[in-house]
Every structure is written in C-alpha cells, then in structure tokens.
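Structure record follows, encoded as structure tokens.
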Amino acid sequence: MDTHRLSTLKALLGRFPRIDLGFFPTPLHTLPRLGRTVGHDHLWAKRDDLTGLGLGGNKVRSLEFFLGQALAEGADVIITAGGLQSNLCRLTAAAAAKVGLECVLVHNDDRPAFYQGNMLLSHLFGAREVFLGRVDEEARARAVEDVAAQLRRTGRRPYVVANGASTPLGVLGYVRATAELCEQWSGLSGGAAGACSAGAPSGGVSSARVSPAANLAPSSPPIRQVAMVGAMAGTVSGLVLGVALLGHPFHVQVISVEYPEPHLRGLIHDLGARAWALLRAAEAPAELGPDPESDAFADWLNAAMTIHGDYLGPGYAIPTELSRRVLFDAARLEGLLVEDVYTSKTLAGLLDLIHRGVITRGEPCCFWHTGGLAALFAQADKLQP
Ligand SMILES: Cc1ncc(COP(=O)(O)O)c(C=O)c1O
C-alpha cells in the first residue's frame with residue numbers, strides 16, 4: 001500500500017463538492033461464530049448498513065456527492081426513481097429532508113394499499129410520490145425527465161439522481177470508501193498490516209472507529225479479500241476503481257445479484273472508466289492509472305476483481321437455498337441482519353468461496369455489508385416460521 005497514492009487520491013476526491021450525510025468510518029469488526037462455520041478465523045464485516053442516515057446503507061456515500069453537487073448548483077428539489085422497496089428512494093428522501101430540500105420519488109408501480117418497509121420510511125421523510133403503474137425502467141426514466149421539466153416550468157430547480165445512483169459521480173462514493181477501509185485497517189492494526197497499511201490516520205475519512213467487537217490482535221494479518229455486491233454496479237465500480245488506484249491493496253470478490261457475469265463486467269468497466277475520466281478531468285496525476293480509453297485500463301481493473309455470476313440463482317431478489325440459510329445463520333450466530341435482495345447472496349457467496357478453498361483459511365477477508373434492511377420487513381411473508 002502506497003501512502004502517496006492514498007493522500008493523492010484523497011486530495012483529488014476533495015475537489016468535488018460533497019456534504020456530510022453519514023457517520024464515517026463505518027464499523028469494521030470480526031464475525032467469529034459465522035467464520036467458524038467454514039473453518040475461517042479471520043472473517044470481517046464492514047458495516048455500511050450503519051452509515052447512519054435514515055436506516056443506513058451504501059447509497060449514503062453516493063448521495064454525499066450528489067447532494068453536494070445539487071446544493072452547489074442551487075437545486076431546490078431532488079428527484080429519483082425506483083421500485084416500491086427502493087433503498088435509494090428511501091435514502092434520497094432522508095438526505096433531502098436532512099438538507100431541507102423537497103424530494104420527489106417516481107415509482108414504477110401502483111400506489112400500495114399498505115405502506116411498509118422503504119415506502120413507509122420515504123413517506124415519513126416527507127417525500128412526494130408519483131406512481132406510474134407497472135412500466136419498465138426506460139418509461140420510468142422518461143417520466144423522471146417529465147417531472148423535472150414540469151418543475152422547471154414552474155420556476156423550480158430540480159436535481160435528478162439518475163440510474164439507481166450508478167453514475168460516474170455516484171461511483172466516487174465507494175472510491176472514497178476504499179480509502180476509508182485502508183486507513184481504518186491501518187489505524188486498527190497500528191499501521192502494521194501490509195496490504196492496507198496506509199499510514200497514520202489524519203482526519204477526514206481516516207479516523208478509525210474501533211468497534212467494541214473488533215477483536216483485533218496486534219498481529220492481525222491484512223485483509224486480502226473483500227466481498228462486495230454487484231447490481232447496477234455503481235457501488236462495486238467505486239470499490240474496484242479505488243482498489244486499482246490505491247495499487248491493488250486487496251482483491252474484490254464481486255457477487256452478482258442482478259445480471260450474468262459478462263453484463264456486470266461491462267457495467268463495471270463502463271462506470272469505472274467514466275468515473276476515472278471524471279477524476280482525471282479534476283487533474284488527477286497521470287501516474288495514478290492508465291488512460292480510461294486504453295487496453296491497459298481493462299487489465300488494470302480486471303486485476304482488482306473476480307466476478308461471480310453463480311450466486312444469483314433464479315434471478316434478482318429471488319433467494320437461493322444457500323442465501324436463505326446464510327440469512328438465518330448470520331442472524332442466529334452473530335445477531336447480524338442481511339436481507340434477500342443484496343446482502344444474503346453476497347455473504348453466502350463469500351462463505352462459499354471460503355468453503356471451496358478459493359479464499360484460503362489463513363487469508364483475512366471481509367464482507368462489505370451494504371444495508372437494505374428496511375426491505376426485510378417487506379419480505380416478512382417469506383420469512384415466517
Ligand atoms: C442495500 C443495497 N445493497 C447493494 C445495492 C447494489 O448497488 P449497485 O446497484 O450500486 O450495484 C443496492 C442498490 O440499490 C442496495 O440498495
């Protein structure tokens with residue numbers, strides 16, 4: 001791990017408008033009882049379900065950049081779109097409430113007879129909802145543009161959080177998070193851990209919050225593998241790009257929960273390239289990484305990750321036998337909640353990779369929890385005794 005790269009990257013990210021919405025760094029702690037089920041003594045969890053705002057989750061990190069830009073542009077209303085149980089909608093509503101902006105949520109579904117889970121929380125956060133009925137995502141995107149145009153006609157200044165937050169600016173949230181994990185690990189381990197030894201914490205994303213459950217021995221070896229979910233890919237693209245920019249301090253095991261592997265790889269390459277182009281336009285030093293248009297760029301990104309399409313099962317939001325078992329194991333062995341759409345499959349994938357020896361037993365690894373727990377209540381009918 002190269003401390004020069006770390007400080008350069010942090011300075012670069014600091015050139016983008018951003019507001020504080022969450023509590024960072026999120027806790028990092030071990031999962032000893034769950035690790036033991038696969039004979040592993042160094043299983044960690046990075047708890048982005050605890051980002052703090054509105055029941056937490058990964059999108060808080062992207063929203064810090066989106067709302068930073070929205071406020072810098074003088075926006076007075078934030079618009080985003082999603083299904084009824086969209087975590088992004090819930091968190092956008094919470095973020096808008098926190099900074100005193102109006103929020104409009106466009107749902108491609110009918111108004112539910114009974115509000116629960118994310119819907120209920122978005123309502124509590126005061127969002128205005130538009131229900132389109134069951135239309136596809138393209139029609140939903142057009143409806144968002146219509147809502148924005150209508151607002152502009154009445155003199156308002158809308159800001160759209162587009163495409164499930166999977167945009168180059170949104171990707172910066174997890175580039176920043178990668179630096180956070182490296183600094184946090186370094187702080188927890190006294191800077192001795194090789195892969196993530198990024199030097200002493202120095203404010204900003206760096207101050208390590210030692211979780212009471214950290215169980216960190218002074219000799220704890222560095223984290224070598226991190227499992228992260230991939231759906232529309234804004235989150236994992238940031239992590240993979242961050243890992244590449246920091247000189248590949250660890251490897252990312254990407255667990256696909258929406259698309260087959262080749263499609264997800266395409267999304268990560270496209271978003272990673274566009275996010276890196278955005279950073280370069282902010283005058284990133286050329287030596288940080290290859291030209292996003294070059295062949296070397298794809299190799300550089302591929303070296304940071306392995307994508308697994310085989311934990312998806314029958315499809316998006318449909319649990320597999322393994323993910324369902326892990327949902328209960330995590331709850332009953334660690335008091336840790338995961339849900340059926342994103343996180344149970346990711347944790348299941350990581351545990352299976354350990355079980356199959358792809359991740360070796362001496363190799364410290366980390367499950368990056370991305371939240372989504374409000375949706376658990378909307379999944380209650382499938383979780384009954
Ligand atoms: C809780 C949670 N985890 C993971 C993801 C996946 O993120 P991405 O679409 O950036 O791949 C999402 C997306 O909405 C989410 O809400």
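The values are calculated or read from the model by the stated rules, or taken from the named source; none is laboratory data. Values in this document were obtained by computation on a predicted structure and should not be read as measured data. Cβ placement follows ideal geometry from the backbone for every residue including glycine, while neighbour counts extend to all protein chains displayed.
Only a single item in (1) among the hydroxyl-bearing types (Ser, Thr, Tyr); (2) within 20 Å of the chain's Cα centre (by Cα); (3) surrounded by fewer than 17 Cβ atoms within 10 Å (Cβ to Cβ) is not met by residue 30, and it is number (3). Here residue 336 fits the description: crowded, with 21+ Cβ neighbours inside 10 Å, within 20 Å of the chain's Cα centre (by Cα) and in a loop (DSSP other than H, G, I, E, B).
When residue 381 is tested against (1) crowded, with 20+ Cβ neighbours inside 10 Å; (2) in a helix (DSSP H, G or I), exactly one condition is not met: (1).
May I ask you to list pairs of residues, at least six apart or on different chains, whose Cβ atoms are under 9 Å apart, with the first in the range 225-247 being within 20 Å of residue 45 (Cα to Cα) and the second being away from the ligand (no atom under 14 Å from the Cβ) and acidic (Asp, Glu)? Close Cβ pairs satisfying both conditions: 225/363. Consider the range 327-340 and keep the residues that are closer than 13 Å to residue 383 by Cα and at pLDDT 95 or above. The one that is nearest to the ligand (Cβ to nearest atom) is 339. Residues of the range 317-333 that are surrounded by fewer than 24 Cβ atoms within 10 Å (Cβ to Cβ) and closer than 16 Å to residue 30 by Cα: 329, 331, 332, 333. Here residue 350 meets the list (1) part of a helix (DSSP H, G or I); (2) more than 12 Å from the ligand (Cβ to nearest atom); (3) modelled with pLDDT under 95 almost entirely, failing just condition (3). Within 13 Å of the ligand (Cβ to nearest atom), in a loop (DSSP other than H, G, I, E, B) and closer than 17 Å to residue 126 by Cβ - does that describe any residue in the range 53-63? No, the conditions are met nowhere in the range 53-63.
The set of residues in the range 128-174 that are under 26 Å from the mean Cα position of the chain (by Cα), closer than 15 Å to residue 76 by Cβ and either within 16 Å of the ligand (Cβ to nearest atom) or surrounded by fewer than 19 Cβ atoms within 10 Å (Cβ to Cβ) (or both) comprises 128, 161. Just one of the numbered conditions (1) in contact (Cβ under 8 Å) with a residue 40 or more places away in the chain; (2) buried (at least 23 other Cβ atoms within 10 Å of the Cβ); (3) assigned to a helix (DSSP H, G or I) is not true of residue 254: (3).
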